[in-house]
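The values are calculated or read from the model by the stated rules, or taken from the named source; none is laboratory data. Owing to the predicted nature of the structure, the values given are computational and were not obtained by experimental measurement. Protein only, heavy atoms only, side chains kept; ligands, DNA and RNA dropped before computing areas. Shrake-Rupley method; radii C 1.70, N 1.55, O 1.52, S 1.80 Å.
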Amino acid sequence: MMIPAAVYLIFQRWEIEQPVDNATVTLIDPETLTPITDKLEEIYKAIKAHISHVQALLSAARINHLPVQGISDAKARTIKIAETYLKTRQMHVASI
């Protein structure tokens, strides 16, 4: 549709940083119900790689995005979030 979009990636700190040094865990993919068992360190590496990949795709597509680490971070960065939204909206209006 060629419409610019603002994307807000909201996550909690424990979703991208290990809470413990060494552990083996089993996670279940909520979409496929497939269990994944691995060292916690490897799972967090995969999570960080996925986040980097998505951010690279958003940047390559020139889609405004702003990672936000939970609700408290969003509250602290309200002005930046509003600026990102307004910039995206301005880009869309200018392209019409």
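For R13, what accessible area in Å² do you get when you roll a 1.4 Å probe over the heavy atoms of the protein chains, rounding to the nearest 10?
R13 exposes around 120 Å² with every protein chain in place.
Hey, which lysines would be in cross-link range of K48, C-alpha to C-alpha under 17 Å, not counting anything within fewer than 8 residues on its own chain?
K39
Taking the convex hull of the Cα atoms, report for region 42-96 its projected area averaged over all directions, in nm².
The Cα convex hull of region 42-96, projected and averaged over all directions, gives 4.6 nm².
Need one value: the accessible area of D38 in square angstrom, 1.4 angstrom probe, rounded to the nearest 10.
D38 exposes around 60 Å² with every protein chain in place.
Carbon and sulfur: what percent of region 22-92's accessible surface (1.4 Å probe)?
Answer for region 22-92 is 59 percent, counting heavy atoms of protein chains only.
Give me the lysines in straight-line cross-link reach of K75: C-alpha distance below 21 Å, same-chain residues under 8 apart excluded.
Within reach: K87.
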